[in-house]
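Every number here is computed from the coordinates shown, using simple stated rules; none is lab data. Please read these numbers as outputs of a predicted model, since none were measured by experiment. Using ideal geometry, Cβ is built from the backbone for each residue, glycine included, and neighbour counts are taken over all protein chains shown.
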Amino acid sequence: MDRLTLFQEKLKDFSVEFYDVNGTPGIITTPEKVLDVCNLLKNDADLSFEMCRDAVGVDRFQKKNRFEVIYSLYSLKFKDRLFVKVLLDTKNPETPTLTVIWTGTNWFEREAYDMFGIKFKDHPDLRRIYMPEEFEYHPLRKDFPLMGIPGSLYLPKK
Amino acid sequence: MSQSVFEKMKEKDSDIPKSKILDALENQDLSIEFDDVLENEMVLNMGPQHPATHGVLRLLITLDGETIRRIVPDLGYLHRGYEKLAENMSYHEFIPHTDRLDYLQPIANNVAYALAVEKLIKLEVPERATYIRTICSELGRIQSHLIAYGTTTMDSGGLTPFLWCMREREKILDIYDMFVGVRFTTSYSRIGGVANDISDEALAAIRKFIDEFPGYLKEMRDIIERNKIFINRLEGIGYMSKEDIIDYGINGPILRAAGVASDLRRDEPYLVYDKMDFDVITATDSDCLARFWVRFQEMYESVKIIRQCLDNLPGGLVNALSPKKALPRKDKIYTKMEELIHDFMLVNFGQNPPVGESYSAIESSKGELGFYIISDGSGHPFRMKIRSPSFTNLQGIPVMLKDAFISDSVVIIGGLDPVMGEADK
């Protein structure tokens, strides 16, 4: 059976939407359903996505569903990829952490928090990963200027 | 008589009020307790400027005697915001920045980026260019693994192999000088091909190099293969179970050293790897020694791939003939009107790929190097995420270093082979 049809059949209870990442299948889901969907994706013997290799934060800069997190899953058994996109709220971007399913998402989620201010509920260690702790902004948001905000970073005096 | 004198003296003494210090000395408990020195926990700050951390990695280590109890890595000292920069420049302009990601193998990073953009804009590349790119990726892998080899031996106490690996690496850089024009920051791949055709002189130099290189590899192998000091320093150190490695999303040589034959060159063939005959090297011990030998053996496989590419290298163009997507040659821009217009349009407005998302990854020397590009139809990416292998691999450090000795931390970091330019982006 085709892998895409298999995904559609296995995930039909969750009523997730499918999208295309230039030839690779992806699914669109919500913060409420993402834990159940990912549990199934990892533990089902026919799907078997043992690895989460990346999490991509996105700022769409629109009124509804401004933020997104895209998890990049990989199956060692079937040499297969799947992207799981979680649509997040504009005002309060929050989603449950996936560290309970794949421990490796810890740093990916910290990066998304650092760059976009996306909060991950029950994350074990939600700190900034690249920027200094006292930095107040989220640099990859579209409303953060390319040249930075003067005075936002503490610099030693000349 | 004497008794009375003493009694008198005693009476005299009691009359004098004691000084406060004397009183304190006599009446208060002044005993001090010393803890056992070895039972104290100590916090050690390692890095960011430390020769063994291979860049600017900072580790906060809680030590119990000499044993590491807890470890917190701190990244970001080389963060330059490449993802933000990419959103503000055209697809072509970003190519030189990919050199600075994994600066041990810039030429392979160029290939990874060019492949990602070509997948997004759906551009076919001439066959000769793909063969040249395969040669470049494999030279890059040798270049990077040589450093991993040299630094691991140096971290475990031998300086001679490091000098040997630098000597071999120098030959690769000289070959780059012949066909790229520069030695280090190459920027060789272009969107739609490569910057310039590879000359016969450079091809002869590559062939000479891969003919001689296995001999030098044997020399490098002989000096350490049965060296007791080297083996004792690496064997069983930095163990991480296969399940943990998969759970942490770590891939590349570290995953293969744990017994999982996962290699994107074979699993998701790109370039011309599907036509090549090579083995995916695996080991089962999942310790520093296994990782070391996996990298070492992969250099032989790279030599094999380069030899097959050289034997089958087709002729023809090295740049796609697609004026709306690939830049024309410089000499034509100055003489032909059409090419001048296309060059102007591409440089000023960019490739304008269709709206959508695209992901493309290669097996770099450290693992999966991928680019997730979201396009909104304009000439620059709406969002570009760099999936850097070093960043993910570094996440395993707390597991590998737990309950190890502080002196082993150096070889464990060396066994991970991180490049901070890539991890910090």
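Only helices enter the 222 nm calculation for chain B: every DSSP H run of n ≥ 4 contributes -39,500 (n - 2.57), and dividing by all residues gives -15000 deg cm²/dmol, rounded to 500. Express in whole angstrom the spacing between the alpha-carbon centres of the stretch B:131-198 and the stretch B:360-425. Centre-to-centre (Cα) distance: 19 Å. Counting only DSSP beta bridges whose two residues both lie in the protein assembly as shown, roughly 90 percent are antiparallel.
Please list log₁₀ I(q)/I(0) at q = 0.07, 0.13 Å⁻¹ for the stretch B:81-404, using the Debye equation with identical point scatterers on the alpha-carbon positions. These q points yield log10 I(q)/I(0) values of -0.30, -0.98.
What percent antiparallel are the DSSP beta bridges of the stretch A:3-94, to the nearest 5?
Taking every DSSP beta bridge with both residues in the stretch A:3-94, the antiparallel ones total about 85 percent.
Between A:Lys64 and A:Thr5, the simple label model (points 7 Å from Cα in the Cβ direction) yields a spacing of 3.3 nm.
Normalising by residue count, the stretch B:155-251 has a Cα convex hull of 165 Å³ per residue. Taking 0.36 nm per residue of separation and subtracting the Cα-Cα distance, full extension of the segment from A:Ile149 to A:Asp89 would add 19.1 nm.
Per-residue Cβ neighbour counts within 10 Å put A:Asp13, B:Asp311 in the sequence B:Asp311, A:Asp13, beginning with the fewest.
Where both partners of a DSSP beta bridge lie in chain A, what percent of those bridges are antiparallel, to the nearest 5? It would help to have the intermediate numbers written out before the result.
Working: 22 of 29 bridges.
So the antiparallel bridges amount to about 75 percent of the total.
Take each residue of peptide A:103-112, count the partner chain Cβ atoms within 10 Å of its Cβ, and average: the result is 5. Taken over the protein assembly as shown, the ratio of Cα radius of gyration to 2.2 N^0.38 Å equals 1.18.
Here the spin labels are modelled as points 7 Å beyond Cα on the Cα-Cβ line, and at B:Glu235 and B:Leu313 they lie 4.3 nm apart. If R0 is 35 Å, the Cβ-Cβ spacing of B:Glu124 and B:Glu212 corresponds to a FRET efficiency of close to 0.45.
Counting only Cα atoms, the size of the stretch A:3-94 along its three principal axes is 39, 24, 20 Å, in decreasing order. Here B:Phe405 and B:Phe344 are evaluated by their C-beta separation; at R0 = 45 Å the FRET efficiency comes out at 0.15.
The Cβ shell under 14 Å around B:Ala148 holds other residues with a net charge of 0, Lys and Arg each +1, Asp and Glu each -1. Remark: the Cα gyration tensor places the stretch A:80-133 in the oblate category, a/c being 1.5 or greater and a/b not exceeding b/c.
Run through the stretch B:146-220 and list the chymotrypsin sites (Phe, Trp or Tyr not before Pro) located in a DSSP loop whose Cβ has at most 16 other Cβ atoms within 10 Å.
Answer in residue order: B:Phe184.
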